[in-house]
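Taking it in order: structure first as structure tokens, then the write-up.
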Amino acid sequence: MADDEKKQECPPGAPIWMCTFADLMSLLLCFFVLLLSFSVMDAQQYYKVAGSMKDAFGVQRDVIKPVPMQGEKMISATFESVPLHVQIQVARSLSEDISQHDIEADYTENGLILRVKGGIAFDSGRATIKKDFLPFLDKLGKLAVEKDLAIEVSGHTDNVPLKKGQSSYRTNWSLSSARAVGVVEYWLEKMKIPPQKLSAVAYADGRPLASNDSAEGRAANRRVEFKIRPANPKVIVTGIELEQNPVKEVIPDK
């Protein structure tokens with residue numbers, strides 16, 4: 001009787017690759033569940049951590065809510081800058097003297113800075129202006145009057161203390177101060193420049209350009225600087241104001 005029964009074939013099952021596909025889907029589901037769990041902040045746990053940090057470092061009392069990144073102005077509108085074309089005009093007027101005396105010209109946002117080596121303008125340990133340097137001061141003073149410029153004269157030295165008998169000044173502070181004041185007084189007497197347009201500053205060895213460990217570095221630090229800028233504050237560029245006539249050519253520093 002059993003032999004007479006018809007054999008029934010079972011319907012075909014899923015293909016073999018379905019097992020691998022099902023495993024992959026399960027892993028992806030677990031992965032996204034983990035991502036979701038990580039993205040949710042536990043408020044209670046956060047305040048517990050904040051409380052423990054408060055005792056150690058102190059925590060800001062105000063609760064700061066996270067703010068999405070937004071485009072904001074990254075340029076300050078309160079800065080002041082001396083227009084570059086003003087600095088270049090002054091440097092061009094003194095280009096021959098700058099190259100002759102080996103004076104360094106530096107263009108900055110605060111104005112044109114002329115750096116004169118101490119040996120060019122003064123003898124070692126003295127504050128008397130050399131005669132060879134007076135024509136340059138005359139030309140710079142005349143230019144200050146014609147172009148309505150304000151000049152800050154600053155004296156700088158190296159860190160080597162002055163020895164007794166080497167100079168009539170007791171410290172580098174008094175020496176650097178006397179040199180800066182001497183230049184200003186020369187202009188006041190000869191050029192009749194208004195006092196409000198001139199200033200004298202002493203730095204001694206407080207602002208070195210190079211290391212005082214070498215003779216070359218000490219020589220570079222012994223200098224007199226002239227910071228030149230317009231005396232009229234209306235010429236100063238304020239904020240992000242643009243110049244009407246931008247300069248296309250810049251004279252390289254000597």
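Some notes on this structure:
- Residue within region 77-85 that is touching a Lys or Arg at 6+ places or on another chain (Cβ under 9 Å) and modelled with pLDDT of 80 or more present: no
- Among residues of region 148-206 being over 32 Å from the mean Cα position of the chain (by Cα) and either acidic (Asp, Glu) or not assigned by TED's automatic domain parsing to the domain that holds Gly118 (or both), the one that is surrounded by the fewest Cβ atoms within 10 Å (Cβ to Cβ) is Glu189.
Every residue, every condition in (1) modelled with pLDDT of 65 or more; (2) under 39 Å from the mean Cα position of the chain (by Cα), yes or no:
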site	(1), (2)
Ser39	yes, no
Ala43	no, no
Val59	no, yes
Asp62	no, yes
Pro66	no, yes
Ile75	no, yes
Gln87	yes, yes
Ile98	yes, yes
Ile113	yes, yes
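The values are calculated or read from the model by the stated rules, or taken from the named source; none is laboratory data. From a predicted model like this one, the values you see are computed outputs, not experimental measurements. Please note: Cβ atoms are built from the backbone with ideal geometry, for glycine as well, and neighbour counts cover all protein chains shown.
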